[in-house]
Structures are given as C-alpha cells and as structure tokens.
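What follows is a set of notes on a single structure, which appears directly below.
The values are calculated or read from the model by the stated rules, or taken from the named source; none is laboratory data. All values derive from a computational prediction rather than experimental measurement. Note: ideal-geometry Cβ built from the backbone for every residue, glycine included; neighbour counts use all protein chains shown.
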C-alpha cells in the first residue's frame, strides 16, 4: 500500500482559504438579522378558535373564475408555500391570475386536546370552504390539499363534494402500507392509546425528532457541515436559516385527532381498504367524481411516490390527472424547478376545468 503523500503547498493554500472564509463568515454573521418569512401580503377573512383563513393579495386582480383554498398539514406551519420572494408557490399562482386562500391551523394547546378528525374535516375545513366561497362570491371553490392536509381534503371531498369544483392533492399519502413508507412501518406497531393517554397533545419537538431520524446523517449532520460553505454568503445563509426556522416552528398535535389519524390511516390504511368513518359517516374515495389532479415528488422520503400514486385507482372520477415532480417533499415548494413547473401546471389544469 502506497503511503499518503501530502503536497505542502496545496495544504498551505487550503488552510489560507479556510482562514479567509472563516474571517468572511464572522463578518457575515454580524450582518444577519432574525430572518422573516412570507413574500406575499395577506388579509384575514375568517377566524374560528385558533384557525384563521387568509386571502393572499397579488399585484393584479385575479382572473380565475374560482378561488383556490390551500389546506396544509397540521404538523408544520403553512408558510412553506410562501417562504420567500423567489421561493413561493403562492406568489407564482397569483402571478398567473389565481385567487389564493389558505387555512392557518395555529398552535393547539391543552384546550384542543379533544379535537377529533370530525372537528377538523367536517368542522373547520367545511366552514373555511364556506367562508372562502362567500368571500369570493362563488358557489363552489377549488381545494388544494398538501401532505396530511391532502388526506384531510380527500375525506372532505368524499363527504362534501357539492362545495367544490376541483380537487388538487400535493405529496399526499393515500396508501399508507407501501413497503418503502418508513413512517408507516414505525407507527404500525405503536401503542397510540398509551402514547396519547400519557402525553395528551403530542409535543412538536418529538414529532420533529421522528422526521429528522428518517434521514439521520443527512438531516442532522451533513446539512450543517455543508452550511460551512455558505457562511460567507449572506443571501445563502439567510435562505438556510429561514428553512431551519420553518422546520423547527412546528405546532403540537391535538391528541385525539392524532390518535385517530394514526389508527385509521397509518395502522388501518382505511383510506384505501375501506371502513373509514369521519363523524359517523362513511368515507369512500369512490364518491369523488369531480376532476382530480394528483402531484407527487419522485424523491419524497416522507410520502413515497408509491404511497401517492394509487389515488387514481380509488377515486370515482373519470377526470384524473397525475403529475410526477423531480424533487423531494420540500423541494416541490421551494426549488427553482418547482417554481418553473408546479404553478403553471396547476393553473393550466384548473383553467380547463373551472367554470
């Protein structure tokens, strides 16, 4: 085995470059203030308990015939869809003439411990949809469900399809028992009753820890090592910090709704196998006969493509469209490719179907 040879001049050059980067990094860190988020002005149009519905304000008047209501997951804050000026699904939809609203679930506390899926789906979502329709002056709206919010939107549509024109799902789990769904494997053997009875509401820090351990090296080590390369770039460092702020700005989960979601979706897989009831009413995807656009990410580690693709096999509609995006669970909102591809795809699809 040949001995390792070190070039003294090259080693010295690398040490000098590292020293220069460190000095520049210290200057950059002094310039960075607390990063904010959100690229788009918005106005409150409805409030109930901790839930607030906002309408985003674009530069021009919307040209779309019906508004879009975004229903995000409970486990993260919804401003990921409008993170910053050059990474905003919302801003790009507005620029295309769409009228965009969003549900902000807020931060559940002890008073929300007993909220159920019925409260969220037949309660908050239904009344939010009604509020958007009233505010926009239309009878039916378009619903865009994201991740867990997509699963909720599927249930809502199956029960209240008469309130909607079109349904869009993004990175939405449908079949929770695919082989590559790591979250599903973790939760299927979980004693969720003991878990919720002990904790009450599920702490956000615990949920975050679970997500980070899905890719422990990449999400807990590599990204912080890579951060050293951008410490002297103020813009890139602020982008990094803004994303970190979103990751760790997570609400606690209402205990009873969490219990039901784990049992019925992750453990029972009832969305595709049947037997799902929300508020005592049967939920069947076959009842969804309106147009459906299903968008998923090909490198998604939280909602694998295999979990999202089966939607077309279970809904009753004859107008089903599927779009595979080359990226991950978060990249579908913030990557440059996403800004170019996803909003136009949504806009063009809706334009052909909204009356």
So which of 214, 228, 271 is touching a helix residue (DSSP H, G or I) at 6+ places or on another chain (Cβ under 7 Å) and either assigned to a loop (DSSP other than H, G, I, E, B) or modelled with pLDDT under 75 (or both)?
214
Log entry, pairs with first residue in segment 114-128 being without any contact (Cβ under 8 Å) to a residue 60 or more places away in the chain, second being buried (at least 24 other Cβ atoms within 10 Å of the Cβ) and part of a helix (DSSP H, G or I), beta carbons closer than 8 Å, six or more apart or on different chains, reads 125/152; 125/153; 125/156; 126/156
Tally the residues that are under 18 Å from residue 148 (Cα atoms) and either loosely packed, with under 14 Cβ neighbours inside 10 Å or in contact with a strand residue (DSSP E or B) (Cβ under 9 Å, 6 or more places away or on another chain) (or both), restricting the search to segment 278-287.
1
Determine whether residue 45 is modelled with pLDDT of 95 or more, crowded, with 19+ Cβ neighbours inside 10 Å and either assigned to a helix (DSSP H, G or I) or in contact with a strand residue (DSSP E or B) (Cβ under 8 Å, 6 or more places away or on another chain) (or both).
no
Do the conditions hold for residue 135, that is, is it part of a helix (DSSP H, G or I), in contact with a strand residue (DSSP E or B) (Cβ under 7 Å, 6 or more places away or on another chain) and either surrounded by fewer than 22 Cβ atoms within 10 Å (Cβ to Cβ) or on the phi < 0 side of the Ramachandran plot (or both)?
yes
For segment 178-199: of the residues being surrounded by fewer than 17 Cβ atoms within 10 Å (Cβ to Cβ), assigned to a loop (DSSP other than H, G, I, E, B) and in contact (Cβ under 8 Å) with a residue 40 or more places away in the chain, which is nearest to the chain's Cα centre (by Cα)?
180
Hey, residue 355 hits all of (1) surrounded by fewer than 19 Cβ atoms within 10 Å (Cβ to Cβ); (2) not in a loop (DSSP other than H, G, I, E, B) but one; which does it fall short on?
(2)
Criterion first (in contact (Cβ under 8 Å) with a residue 60 or more places away in the chain, surrounded by 15 or more Cβ atoms within 10 Å (Cβ to Cβ), in contact with a helix residue (DSSP H, G or I) (Cβ under 8 Å, 6 or more places away or on another chain) and closer than 28 Å to residue 109 by Cα) does residue 297 satisfy it?
no
